[in-house]
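The values are calculated or read from the model by the stated rules, or taken from the named source; none is laboratory data. Please read all numbers here as calculations on a predicted model, not as lab measurements. Quick reminder, even Gly has a Cβ in these numbers, built from the backbone with ideal geometry, and neighbours come from all protein chains shown.
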Amino acid sequence: MTARRSARHILVWLLVPAVAINLSVFLWPILNLSSLSLREGLPGGALGDSLSLLTWRALFTDPFYRDLLWFSIRTAFVITAIALVCSYPIALFVHRASDRWRNLLIVVCISPLLLSAVVRTYGWLLILSDTGFVASFLRAIGMSEPPRMVFNEVGVIVGLAEIMMPYMVLSLLAGFGRLDRVLEEAAASLGAGPFTVFRRIILPLSLPGVLLGCLLTFVLSISSFVTPKLLGGGWVLLLATEIYDEAILTMNWPVAAGLSVVILVVFGLALLAYGHTAKKLERGVA
């Protein structure tokens, strides 16, 4: 019994640093944001001493904030879907490459992460601008008036989808570890075509990686600020850009804090959905 008690005491003391770090750098800022959202915003960025629910009443009743939340979630879902569709064949090709080339291909896939998101965003500004490569190519093939692709939702989605692809590829590669070519060869020997093999074997076994990549991409997309601000040109309003405007431009700190709490709630719901779906997949495989 004495040995067990001493072991428990050791475990408790080992957990103290981690708990203290989480309380200081995670829980305390969240509580601070929550309390800030309950303060009364005064002109010039000042805060009233009394607590008020006016900020949360506005967030729940004002159609602008409801549309902002819905638009941000929808845009993040679209970006996640595009990144998944574009990254899946790349990740599958890298997974099936020979050992000689696999590591090199992985480095190539994640090499964009070595560049700042600001630099990559400015690159997309040049490519998608009215005089950029895409517009010039469309004019060369006969389109007199190419569609505008910057300072609107299209540019934000294209830029963020490309920026999120390395994260999606890495998540998918982690999920592809469950794939076995023997199962595919066995299905083919029984008469299954390539599409049937993909639908019945490859896709189900890779779903954990798909879920992880979608979660990571969705969370990073809905909280992204630099790319929507630059490619959107101030015309595309998302939660992160609105938080910046409320905190820096209008200096409405309670609204900025309330929107930050809303983003955290969305993160929590996404994590709950991911955990629930992952457990269902594990039970199905088992």
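Figure legend. Inter-residue proximity from the range 142-168: first residues closer than 18 Å to residue 215 by Cα and touching a residue at least 24 places away in the same chain (Cβ under 8 Å), second residues among the hydroxyl-bearing types (Ser, Thr, Tyr) and part of a loop (DSSP other than H, G, I, E, B), beta-carbon distance below 9 Å, spacing 6+ or different chains. Indicated pairs: 160/224; 163/224; 164/224.
From the list 51, 59, 36, pick out the single residue that is in contact with a Lys or Arg (Cβ under 9 Å, 6 or more places away or on another chain) and touching a residue at least 40 places away in the same chain (Cβ under 8 Å). Walk me through it before giving the result.
Values: 51 fails: touching a residue at least 40 places away in the same chain (Cβ under 8 Å); 36 fails: in contact with a Lys or Arg (Cβ under 9 Å, 6 or more places away or on another chain).
Being in contact with a Lys or Arg (Cβ under 9 Å, 6 or more places away or on another chain) and touching a residue at least 40 places away in the same chain (Cβ under 8 Å) holds for just one of 51, 59, 36, which is 59.
Residue under question is residue 260, and the condition is that it be outside any helix (DSSP H, G or I), modelled with pLDDT of 90 or more and not aromatic (Phe, Trp, Tyr); does it hold? Spell out the reasoning first.
Numbers: outside any helix (DSSP H, G or I): no; modelled with pLDDT of 90 or more: yes; not aromatic (Phe, Trp, Tyr): yes.
Criteria not met by residue 260.
Just so you know, in the range 167-194 the residues that are part of a helix (DSSP H, G or I) and of a type in the set (Gly, Ala, Ser) include one that is surrounded by the fewest Cβ atoms within 10 Å (Cβ to Cβ), and it is 189.
Within 17 Å of the chain's Cα centre (by Cα), part of a helix (DSSP H, G or I) and basic (Lys, Arg), is that true of residue 280?
The answer is no for residue 280.
Considering only residues that are under 18 Å from residue 172 (Cα atoms), among the aromatic types (Phe, Trp, Tyr) and in contact (Cβ under 8 Å) with a residue 12 or more places away in the chain, look in the range 70-129 and name the one that is surrounded by the fewest Cβ atoms within 10 Å (Cβ to Cβ). Of everything passing the filter in the range 70-129, 93 is surrounded by the fewest Cβ atoms within 10 Å (Cβ to Cβ).
Scan the range 40-69 for residues that are surrounded by 12 or more Cβ atoms within 10 Å (Cβ to Cβ), charged (D, E, K, R) and modelled with pLDDT of 90 or more and report the count. Number satisfying all stated conditions: 2. Selection of the range 77-133 for residues being closer than 28 Å to residue 184 by Cα and aromatic (Phe, Trp, Tyr) yields 88, 93, 101.
One residue stands out among those in the range 195-250 that are part of a helix (DSSP H, G or I) and in contact with a Pro (Cβ under 8 Å, 6 or more places away or on another chain): the one that is farthest from residue 150 (Cα to Cα), which is 240. Residues that are under 16 Å from the mean Cα position of the chain (by Cα), touching a residue at least 60 places away in the same chain (Cβ under 8 Å) and surrounded by fewer than 19 Cβ atoms within 10 Å (Cβ to Cβ) occur at least once in the range 198-212. All conditions in (1) within 17 Å of the chain's Cα centre (by Cα); (2) among the charged types (D, E, K, R); (3) under 22 Å from residue 29 (Cα atoms) hold for residue 242, with the sole exception of (1). Condition check: crowded, with 19+ Cβ neighbours inside 10 Å, touching a strand residue (DSSP E or B) at 6+ places or on another chain (Cβ under 7 Å), of a type outside the set (Asp, Glu) and part of a helix (DSSP H, G or I). Does residue 254 satisfy that? When the stated conditions are applied, residue 254 passes them.
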